[in-house]
Amino acid sequence: MKYSHEVAGLKADIDLIETDLSGKLYPLNPKDFFWEGQEMGQKHYLRKEVVNMLLKAKSFLPKGYTFFIYETFRSHEKQQSMFQSMFLKMQEKHPALSLKELREKTNVYVADPDGIGSGHQTGAAIDLTICDLNKNCLDMGAKYLEADDEKTAMASKKIPLMAIKNRYLFKRVMEEAGFLNYPPEWWHFSYGEHEWAVLSGKHKTIYRAIKNQKFMDKLMQDSRQKE
């Protein structure tokens, strides 16, 4: 099934393919990483191959450092809630924009859950940062989910030199493990989903959104009509 998708100004036609028909997700081990709510039993889930890649990336970090996890798999409902929340922030920050422009701007930070959805809905995208063993996170020059185009982009020069160096380290270890960064967000990396398919030039996915049945039904209908 073909789908035209644009990521950070790069547009491509990609094949939406699911190679893992089980759609199974695997929990991160709390002994390997940190995240909020860990002590209360909160869990994070990813595809098995992505979990293994994340452990590989951790092995490339300097001794005494690990990853602090912000977000992994998101359900359609959670993605929808986050999209609406970010939309309201954009509306407050850019009151002169039309509803269409606000949705487009919101979509840069939080993908519209309907349609192709977010990489997080595939279980193959992750938001994270680097921290030490006392959970002190490295300065990345901008906060997680901070709505500031000039600061949140991975390649931003509008941040302190130390933050630039920290981002370079972050990007290097993640890419060595096989991940690709979503350029507008320093914290977002993925493998095998639709954004990765565009940025990598592979033009086909390894994973699709889990239980995004509404959109998949439409794709199947469109596909049958073209045959």
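The values are calculated or read from the model by the stated rules, or taken from the named source; none is laboratory data. A quick note: this is a predicted structure, and the numbers were derived from the prediction, not measured. Because the Cβ atoms are built from the backbone with ideal geometry, glycine has one as well, and the counts that use them run over all protein chains shown.
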Every residue from segment 107-127 that is crowded, with 23+ Cβ neighbours inside 10 Å and outside any loop (DSSP other than H, G, I, E, B):
Gly119, His120, Gln121, Thr122, Ala125, Ile126
Run down Leu128, Leu138, Leu88, Leu97 and say which single residue is within 30 Å of Gly64 (Cβ to Cβ), at pLDDT 90 or above and more than 19 Å from the chain's Cα centre (by Cα).
Leu138
Are any residues in segment 28-71 within 20 Å of the chain's Cα centre (by Cα), among the hydroxyl-bearing types (Ser, Thr, Tyr) and under 16 Å from Cys131 (Cβ atoms), and if so, which ones?
Thr66, Tyr70
If I filter segment 128-139 down to residues being farther than 21 Å from Leu46 by Cβ and touching a helix residue (DSSP H, G or I) at 6+ places or on another chain (Cβ under 7 Å), which single residue comes out as surrounded by the most Cβ atoms within 10 Å (Cβ to Cβ)?
Leu138
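Scan segment 183-193 and give yes if some residue there is aromatic (Phe, Trp, Tyr), modelled with pLDDT of 95 or more and over 13 Å from the mean Cα position of the chain (by Cα), otherwise no.
Filtering segment 183-193 for residues aromatic (Phe, Trp, Tyr) gives 186-187, 189, 191.
Narrowing the set further to residues that are modelled with pLDDT of 95 or more leaves 186-187, 189, 191.
If we keep only those that are over 13 Å from the mean Cα position of the chain (by Cα) too, we end up with none.
Taking every residue of segment 183-193 in turn, none turns out to be aromatic (Phe, Trp, Tyr), modelled with pLDDT of 95 or more and over 13 Å from the mean Cα position of the chain (by Cα).
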Restricting segment 1-38 to residues that are assigned to a loop (DSSP other than H, G, I, E, B) and polar (S, T, N, Q), which is modelled with the lowest pLDDT?
Ser22
Pick from segment 2-43 the residues that are among the hydroxyl-bearing types (Ser, Thr, Tyr) and under 30 Å from Asp149 (Cα atoms): which of them is surrounded by the fewest Cβ atoms within 10 Å (Cβ to Cβ)?
Ser4
